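> The following block contains the structure, expressed as structure tokens.
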Amino acid sequence: MKMTTDIKHKYYEFKVPENEYYALIAADSKEYAIAKYYEDVIDDCDYEVDCKEIPSSLAWNKLIEAYLPEGANMGELIKEFDESGLMLISVDLC
């Protein structure tokens with residue numbers, strides 16, 4: 001599988017302590033990323049979450065740093081990077 005320079009999504013990072021748990025989400029908009037965070041990460045909370053859009057190169061580096069030590073397949077990482085949705089999550093939730 002070949003990685004292209006066509007960026008399909010924006011990448012949003014939810015950092016701690018601003019948010020309860022860390023997450024990196026690929027989405028078409030900040031609003032969708034926040035909705036995915038509520039749905040996939042915290043499900044129920046009584047505060048508003050916030051995120052920051054990060055460059056695709058930084059998102060890619062974070063994904064590689066998280067998965068390559070475990071021997072992940074580069075083709076699978078490229079496929080995951082190109083898909084919308086949750087990419088990384090706090091280890092506390094795993």
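The values are calculated or read from the model by the stated rules, or taken from the named source; none is laboratory data. Everything quoted here is computed from the prediction, not taken from an experiment. Ideal geometry is used to build each Cβ from the backbone, glycine not excepted, and the neighbour counts take in all protein chains shown.
> With the requirement that a residue be out of contact with any helix residue (DSSP H, G or I) (no Cβ under 9 Å at 6 or more places or on another chain) and surrounded by fewer than 16 Cβ atoms within 10 Å (Cβ to Cβ), what does the stretch 63-72 give you?
E65, P69, E70, G71, listed by residue number.
> Would you point out which residue out of S84, S57 is in contact (Cβ under 8 Å) with a residue 40 or more places away in the chain and either closer than 20 Å to K10 by Cβ or over 10 Å from the mean Cα position of the chain (by Cα) (or both)?
Just a single option satisfies the conditions, and that option is S84.
> Any residue in the stretch 37-50 that's in a loop (DSSP other than H, G, I, E, B) and surrounded by 10 or more Cβ atoms within 10 Å (Cβ to Cβ): show its pairings with residues that are of a type in the set (G, A, S) and modelled with pLDDT under 75 at Cβ separation under 8 Å, as long as the two are six or more apart or on different chains.
Short answer, once both residue conditions are applied: none.
> Still on this structure, I have one more. Any idea which of (1) more than 13 Å from E20 (Cα to Cα); (2) out of contact with any Phe, Trp or Tyr (no Cβ under 6 Å at 6 or more places or on another chain); (3) among the acidic types (D, E); (4) at pLDDT 90 or above is the one D50 doesn't satisfy?
In the conditions (1) more than 13 Å from E20 (Cα to Cα); (2) out of contact with any Phe, Trp or Tyr (no Cβ under 6 Å at 6 or more places or on another chain); (3) among the acidic types (D, E); (4) at pLDDT 90 or above, D50 misses (1) alone.
> Follow-up question, since we're still on this one. Can you find, within the stretch 53-94, the residue that is modelled with the lowest pLDDT among those that are in a helix (DSSP H, G or I) and of a type in the set (S, T, Y)?
Among residues in the stretch 53-94 that are in a helix (DSSP H, G or I) and of a type in the set (S, T, Y), the one modelled with the lowest pLDDT is Y67.
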